[in-house]
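Inspection log for the structure reproduced underneath, given as structure tokens.
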Amino acid sequence: MASCVGRFAPTPSGRMHLGNVFSALMAWASVRSQNGSIILRIEDLDIRAHNPEYSSLLLNDLRWLGLEWDSGPFYQSKRTEHYKEALNSLKQKDLLYPCFCSRADLHAAQAPHVSDNTYMYTGTCRNLSYAEQVELSKHKTPAIRLCVPNKTYSFEDRVYGLTSQNLAESCGDFIVQRADGVFAYQLAVVVDDADMGVTEVVRGSDLLSSTPRQIYLQDVLGLSCSSYAHLPLLVAPDGRRLSKRDHDLDLGALRAQGKTSEEILGFLAYCIGLAEKGEPLSAGQVADRFSWDALCAHRKNVVVEHFLQVL
Ligand code: GLU
């Protein structure tokens, strides 16, 4: 049995860009350097929002990069029964309540959470009476929120070190099922990582602030907890984070320009000091050179300078 199980968990909301490739490469290299296995999970919870074409392009791009996986792809859109079960278990623990707040109510109440654009929820609907819930339900389908305790959850991140968050103070009760029935990422990711035996989560530091919520969910659902490593984000020299909007840096554009997978992977390894400038590398060669120290040294962010010229 493999000692370590990692995963790729891409959302098929566009073509993979350099930042996504970097996350996939680091997750893969860490697992391969430990002779572990890797799962591919397509996070298409909101299937109406995702174009199925992106899922097949994702598989194609990962194979082209040489980032082979050992099991999957598993599609979250086909796993809703598992999320329902988890939701029922939370309901039995009396931790859920319907929330009728509109986006406008939330905007008015608080500023967006700095890191992930969600809103600190002040608990407006937490104490509605049953009669009030019934009345409000006549006009609106509610979202479902999970009560959080006034408690600090901590974990040791492999790159960022000890990370702690008091859930009541930093995010408040959070949504586990949207009003349109779509399960929330926080719930699905925790259920899936446990069901799939994931022991190591390696992903972008944009999700660092989500992890205490996930640890809380693991705690209340009695699920196993994996180790966490959050990766520095790739940023342009002006500090702007690379995103799917940078079409000139997505794999569609790079492949059309004739870039090879070794050029792209070598370039990403170069960004964290694991390769010489312009040195092409296969995924296996990056795994051979992989080290957490290289990532820790770039904790602040990986500045992708003059990427097009270098690449
Ligand atoms: N689906 C998320 C993304 O593409 C990643 C979730 C995770 O790694 O936990 O950003």
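Values quoted throughout were computed directly from the atomic coordinates according to the rules given, and no laboratory measurement underlies them. Bear in mind the structure is a predicted one, so any value in this text is a computation, not a measurement. Glycine also receives a Cβ, built like all others from the backbone with ideal geometry; neighbour counts cover every protein chain displayed.
With a Förster radius of 45 Å applied to the beta-carbon distance between Asp288 and Ala104, the computed FRET efficiency rounds to 0.30.
Stretching the chain fully between Glu169 and Val303 yields a gain of 45.0 nm (0.36 nm per residue, less the alpha carbon separation). Rounded to whole numbers, the Karplus 3J(HN,Hα) couplings from phi for segment 259-267 are 5, 9, 5, 5, 5, 5, 5, x, 4 Hz, using 6.51 cos²θ - 1.76 cosθ + 1.60 with θ = phi - 60°, and x at Gly and Pro.
Full extension of the chain between Thr80 and Gln34 yields a length gain of 13.4 nm, computed as 0.36 nm times the residue separation minus the alpha carbon distance. Distance between the pseudo-spin-label points of Ser13 and Arg255 (7 Å out from Cα toward the beta carbon): 2.2 nm. With both residues required to sit in the chain, DSSP beta bridges show an antiparallel share near 55%.
Based on DSSP H segments of at least four residues, each scored -39500 (n - 2.57), the chain has a per-residue ellipticity at 222 nm of -10500 deg cm²/dmol.
Amide H to amide H, with H built 1.01 Å from N, His50 comes under 5 Å of no residue 5 or more places away or on another chain.
Taking the fewest neighbouring Cβ atoms within 10 Å as the starting point, the ordered list for Arg289, Arg145, Arg15 is Arg289, Arg15, Arg145. What is the calculated FRET efficiency for Ser56 to Ser224, with r their C-beta to C-beta distance and R₀ = 25 Å, to the nearest 0.05? Computed FRET efficiency for Ser56 and Ser224 comes out at 0.20. Enclosing the Cα atoms of the chain in their convex hull gives a volume equal to 136 cubic angstrom per residue. If the chain linking Asp70 and Ile47 were pulled fully straight, counting 0.36 nm for each residue of separation and taking away their Cα-Cα distance, it would gain 5.8 nm. Put in order of Cβ neighbour count within 10 Å, fewest first, the listed residues Ser227, Ser30 become Ser227, Ser30. Between Tyr130 and Asn88, take the C-beta separation as r, use R0 = 25 Å, and let me know the FRET efficiency to the nearest 0.05. Efficiency for this residue pair is about 0.85. Cys residues of the chain that find no other Cys beta carbon under 4.7 Å: Cys4, Cys101, Cys147, Cys171, Cys225, Cys271, Cys296. With a simple spin-label model that places each label point 7 Å from the Cα along the Cα-to-Cβ direction, the separation between His139 and Glu156 comes to 5.2 nm. Each of Ile38, Ile215 was scored by other Cβ atoms within 10 Å of its Cβ. Listed from fewest to most, they are Ile215, Ile38. Around the amide H of Val303, modelled in the peptide plane, lie the amide H atoms of Val235, all under 5 Å away and 5 or more residues distant in sequence or on another chain. Placing +1 on the Cβ of every Lys and Arg and -1 on the Cβ of every Asp and Glu, with no other charges, gives segment 79-202 a dipole of roughly 400 debye about its Cα centre. Taking all Cα pairs closer than 8 Å and separated by 6 or more residues, the relative contact order of the chain comes to 21 percent.
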